[in-house]
1. Among ILE221, ILE69, which comes first, then next, by fewest other beta-carbon atoms within 10 Å?
2. Which shape class, rounded, prolate or oblate, goes with region 402-525 when its Cα gyration tensor gives a ≥ b ≥ c as root eigenvalues, a/c under 1.5 marks rounded, and past that a/b bigger than b/c marks prolate?
3. Can you find, among GLY660, ASN589, GLY561, the residue farthest towards the positive end of the dipole of region 549-695? Put +1 on the C-beta of Lys and Arg, -1 on that of Asp and Glu.
4. DSSP loop trypsin sites (Lys or Arg not before Pro) in region 162-201 with at most 12 other Cβ atoms within 10 Å of their Cβ, which ones?
5. Filter LYS445/LYS578; LYS445/LYS605; LYS547/LYS621; LYS59/LYS416; LYS162/LYS445 down to the pairs with a C-alpha to C-alpha distance above 25 Å, please.
6. How large is the dipole of the chain about the Cα centre if only Lys and Arg carry +1 and Asp and Glu carry -1, each at its Cβ, rounded to the nearest 20 debye?
7. Cα atoms only, region 280-357: Rg and Dmax in Å?
8. So how tilted is helix 129-141 from the main axis of the chain? Cα-based, degrees 0 to 90, rounded to 10.
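Bear in mind that the values in this text are calculations on the coordinates, not laboratory data. Bear in mind that the values here come from a model prediction, so they are computed numbers and not experimental data. Note: ideal-geometry Cβ built from the backbone for every residue, glycine included; neighbour counts use all protein chains shown.
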Amino acid sequence: MKTKITALIALFLLSVSATAQIDRSVQPKPGPAPTITLEVPGEFELKNGLKVLVVENHKLPRVSYSLRIDNPPMVEGKAAGVLGLLGSMMGNGTTSISKDEFNEEIDFLGARLSFGSSSASGSSLTKYSERILELMADAAMNPLLTEEEFQKEKDKALENLKSEAKSVEAVASRVGNALSFGKKHPYGEFVTEESLNNITLDNVRSYFQKNFNPNNAYLVIVGDVDFSTVKKQVKTYFKKWEKGIDVTKSIPEPYLNVNATEINFVDMPNAVQSNISVTSNVKLKMGDTDYHTVLIANKILGGGFSSYLNMNLREANGYTYGARSSVRTDRYGASRFTAGAKVRNAVTDSAVVESLKEIKRIKSEKVSAEDLRNAKAKYVGDFVLALERPETIARYALNIKLNDLPKDFYKTYLTKINAVTADDVQRIANKYFTEQNARVIVVGKGSEVVANLEKTGIPIKYFDTFANSVKKPVFSKPVPAGVTAQTVIDGYINAIGGKAALQNVTTLVQEMSASFQGQNMAMTLKQKSPNLIATDVSIIGMGNVFKQAFNGESGYMAQMGNKQPMPEEAIAKAKAKKGLFDELNLMTNPLLKVSLDSIESVDGKDAYVVVIEDEKGESSKNYYDVASNLKIKSVSTAKGPGGKEITQERTFGDYKEVSGIKFAHVTSLPMGGQNIELKVSTVKVNEPLTSADFE
């Protein structure tokens, strides 16, 4: 014990002595950049041109393979979508192994194997690695490209396009690329329903034969392997891969930047947020002398949480949950600078102004020593951590080859990062970041944001969701004389069957189905007047995943077996509901304020917009087709956890008559970045239900 106490006292005195020698009024100088020692991967090349990089790492009994075919980007033209279809068909069996047998074996081995239109990747335990390499080689050389699989994947691609039609993010990406690079540039071209329907299986096979070959292919192997052994394996399984004919592809120049800053607006009436992107084309390659300085400058502008953009738009103003910027590199000279965020409709114009202000700020003011130091520290930390992963060594080696970089590129990486000065950042910001001849691409709800965008003084040009120039849309129309919220609601009630028929309905049972993230989902909805409700959701192969029930007095929600009582606020709302058709009691409910707002377009149809507000200020909007009086859309907003505003949108269609009443048989709602379609298979009116159905 004496020894321990003596040691502690000595340590304390030593620390006091060391502290006394530090002058804390002087900021410590950064130490030298860490010395980077990069292991050199083993390399060899087959006669057919396949180049192989091998990084041995025996810490874990695992091996990973990554195949990269270095094809230059190409324009697909009228058959845009061939690459996507080929990628989805690859890796689903070979000419000697059926799709089911192929996938079952990979699953049995606990391995992973996937393909793209010009790539493949796989991983497994060491003891199965040779078999996975063999399967990869077989699938790369002899894919099972059948008419049946082609039609399946083509149908999936068409369904994805339908889902993307109402996705603000998907439209923003498509329009942004098309306006920046041009529709006839590989980076600006996009897939359409027409181009997909132009594609045949012969197109896919032809592309595979011409472009999926070893001429410019790299195979990267990382993990628990022996170089000489894996070299023999690669030669055994890939030696029959025939070399193709080199095809020279010319890549068109991207569009020039606009002469002066302009807003390119795309109207999406279903948007609950605006997607903003300030963008301009740049030319930046990894080997350029500006590269490292651009990384630091972008980190300060919008590359992290404490960046200019994020601290302004998120922290100071609360416009968004995150604002970011990026400057991409490209070997072919077609890069983009982008800065943007997803913001609330009400602050779209302010977010645009503030984004441009921050870009101008980093160009006109030198960055602080602290911001510069923090940006460097982030890159140094990330770089050093990445070196702990064996695959990083292989990726760096491949980058050097693909981007024609000097061999010491990564060895001098941190030295060049730490050499960046505030003057360098300002110079680079003026070269690569622009607010003077930028496109400000805004995808949002025009009826709510355009009037304020016009007040910014920035010229606005209008485009549709496929980047075609259009005239300024008519966002809303005046309501004709004599039309009120009451007449619209009455029109809807009459259109679906009439007040008497609706009042005679005491129970409803609806069975629905949908596909979500590749899973088939089934839902049963039971309702009993005045307010009893039970919802049961199951996923094929997984059973019940969600259930909710309210028996008139209490309720619960159960998710994956985890049962929770229904919140008091939800119970109060459920009790307040009277009847199975909301519109029957909408105008007489004393707790609601109902008004007719305007006429807006919904999927090309004019619709009356009826606004409903409750006593807590939460609101919803119902949209009724002017021609048919049917309800075609609803949008509701509410405060969620932490005061976050949650918006839910649903669209209704395919009305069919059941027992004298018209019911929407398709309900679409955005979820998880895609559009989910609930399709009704069965509607039962006045089906006998008991209290047990709601327990």
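1. Working: ILE221 25, ILE69 19.
The most exposed by this proxy come first: ILE69, ILE221.
2. Values: a/c = 4.33, a/b = 1.91, b/c = 2.27.
Oblate, since a/c reaches 1.5 and b/c is not below a/b.
3. GLY561
4. Details: sites: LYS162, LYS166, ARG174, LYS183, LYS184; in loops: LYS166, LYS183, LYS184.
Loop-located and lightly packed - LYS184.
5. LYS445/LYS578; LYS547/LYS621; LYS59/LYS416
6. Values: 86 positive and 80 negative charges, 362 e Å.
It works out to roughly 1740 debye.
7. Both quantities, over Cα of region 280-357: 13.7, 43 Å.
8. For helix 129-141, the angle is close to 70 degrees.
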